[in-house]
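The values are calculated or read from the model by the stated rules, or taken from the named source; none is laboratory data. Quick caveat: nothing in here was measured; it's all calculated off a predicted structure. Ideal geometry is used to build each Cβ from the backbone, glycine not excepted, and the neighbour counts take in all protein chains shown. Accessible surface areas use protein heavy atoms only, side chains included; no ligands, DNA or RNA. Shrake-Rupley method; radii C 1.70, N 1.55, O 1.52, S 1.80 Å.
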Amino acid sequence: MAWNEWEQVKAEAAQRQSTQMQLNRADEGPGASGGAADLVVNQDDLGAVGHEAYLLRGRLSRDGDHARPATFDAAIALTNGNFTSGSEVLKVHDRWNSQLRTLLDACARISDHLDYSKSVHAEDDADIGGNLLSVSKISEYYK
């Protein structure tokens, strides 16, 4: 590699790095010339997903338990009739209940976690915005 090529490669690398490391100013809004933020958490999206998880949990708790009593009654009737399949149907019944509880718990966790995340991100955004604003005020004195 010739010296001129080396200098050109260094200049191109420096140019790429300078364009990658850009910070938006805290006092610039989304329409300002500073550009859009890199990390965006849309609280409406988090709320929508959390709400859907909440609705799914409600439907699962209602509809997922629909066949439980009949399955249990069938397992007891088969067992009382000396059918070996009665104990197997009871295992299916128990496994279904266990999986349903796990799924209901997961939906509740998702909903609660997204509500929590929405709240924490709002607090973090306010804190970071305040810190960046104070840094930008200090930067004004160095001009």
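For the stretch 79-88, the condition holds for no residue, the condition being that it is of a type outside the set (Ser, Thr, Tyr), surrounded by 13 or more Cβ atoms within 10 Å (Cβ to Cβ), part of a helix (DSSP H, G or I) and under 22 Å from the mean Cα position of the chain (by Cα). Remark: pairs (first residue in the stretch 50-78, without any contact (Cβ under 8 Å) to a residue 60 or more places away in the chain and under 14 Å from residue 106 (Cβ atoms); second residue open to solvent by 50 Å² or more (accessible area, probe 1.4 Å) and part of a helix (DSSP H, G or I); Cβ separation under 8 Å; 6+ apart in sequence or on different chains) = 60/103; 64/103. Among the residues of the stretch 108-116, are any without any contact (Cβ under 8 Å) to a residue 24 or more places away in the chain, more than 22 Å from residue 49 (Cβ to Cβ) and either under 19 Å from the mean Cα position of the chain (by Cα) or not in a helix (DSSP H, G or I) (or both)? Within the stretch 108-116 (the criterion being without any contact (Cβ under 8 Å) to a residue 24 or more places away in the chain, more than 22 Å from residue 49 (Cβ to Cβ) and either under 19 Å from the mean Cα position of the chain (by Cα) or not in a helix (DSSP H, G or I) (or both)), the answer is no, since none of the residues qualifies. Here residue 102 passes the criteria (1) modelled with pLDDT of 75 or more; (2) among the polar types (S, T, N, Q); (3) within 17 Å of the chain's Cα centre (by Cα) except the one numbered (3). Within the stretch 109-139, the set of residues being surrounded by 15 or more Cβ atoms within 10 Å (Cβ to Cβ) and either of a type in the set (Val, Ile, Thr) or modelled with pLDDT of 80 or more (or both) comprises 110, 111.
Screening the stretch 48-78 for residues that are open to solvent by 80 Å² or more (accessible area, probe 1.4 Å) and of a type in the set (Asp, Glu) and picking the one that is modelled with the highest pLDDT gives 73. Take the conditions (1) within 26 Å of residue 115 (Cβ to Cβ); (2) open to solvent by less than 50 Å² (accessible area, probe 1.4 Å); residue 98 misses just one of them, which is (1).
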